[in-house]
Every structure is written in structure tokens, then in C-alpha cells.
Amino acid sequence: MMTWSEKLRDPRWQKLRLEVMQRDDWKCVICDDRRNHLNVHHIVYTRHNPNPWGYNPATLQTLCKTCHEERQELIDNVANAMKLALKNVPTNRVRKMAAKLYNEAMAEL
């Protein structure tokens, strides 16, 4: 089994990564930085898709290193807050709410 780091060197990911960067005009979509190291950020991860190249390009965005780190910290904080807020909500209700929100967000992309 390949590690995530090994998967990021896979030609399929490299191809998709370059397509996303080209789509985003080779700059950070948040701060427009073109000079610093750019990353392609997965806006959404799903358990059923363990490969970085298996995602819809609409769920990927080009970020500079600084914005990528800040975005990931924000995502982690939001995820932790959601876990606390939903800790007493029955799992089936959480699944339905999450699916609805995800489907609505994907429809807007």
C-alpha cells in the first residue's frame, strides 16, 4: 500500500495538480501570490477516495504555502468545533445533515 506522500509523487496526481494550477492561473486563489511555493489543496476529503488524483477538480484549489497552512488550521478548528457541537446528536441525523450540506455545496461549484 502506498503512503500519502508516495501518492503525491504519482504521475496521476502530478497531472491533476498541474491542471488545477493552470486553471487557477498559477497563483494562490486567496492572496494572488505567484512567487512563493504553491500547493494544490483538497477542499474536501472523503474516506471512500484514498487517492489524491481521484477528486473532482472543482474540489481542489491552488494555495500558497502560507494560505494553505492557515486554511488547514481553520479547517481543523472548524472540524473540532463541529464535533463538539454534534456530540449528542444521533449519528443518523448527523449523516443526513452532512450529506445535505455537501450536496448543496457541490451543486454550487
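None of the figures in this text is laboratory data; all of them are computed from the coordinates on show. Since the model is a prediction, treat every value here as computed from it, not as a measurement. Positions of Cβ are backbone-derived with ideal geometry, glycine not excepted, and every protein chain shown enters the neighbour counts.
Taking trypsin sites (Lys or Arg not before Pro) in DSSP loop conformation with at most 14 other Cβ atoms inside 10 Å as exposed sites, the chain has its longest uninterrupted site-free stretch at 48-86. Using every pair of alpha-carbon atoms in the chain, split the distances into 10 Å bins beginning at 0 and state the percent of pairs per bin, rounded to integers. Taking all Cα pairs of the chain, the binned fractions are 13, 37, 35, 14, 1 percent. For the chain, lysine pairs with C-alpha atoms less than 19 angstrom apart, excluding pairs fewer than eight positions apart on the same chain, total 7. In this Cβ point-charge picture (+1 for Lys and Arg, -1 for Asp and Glu), the chain has a dipole of about 440 debye about its Cα centre.
For N77 and K65 in one chain, what is 0.36 nm times their gap in residues minus the Cα-Cα distance, to one decimal in nm? Mind dumping the intermediate values first?
On the way: separation 12, 0.36 × 12 = 4.32 nm, distance 1.84 nm.
Gain on stretching N77 to K65: 2.5 nm.
Label-to-label distance for A98 and D32 is 3.8 nm, based on points extended 7 Å past Cα in the beta-carbon direction.
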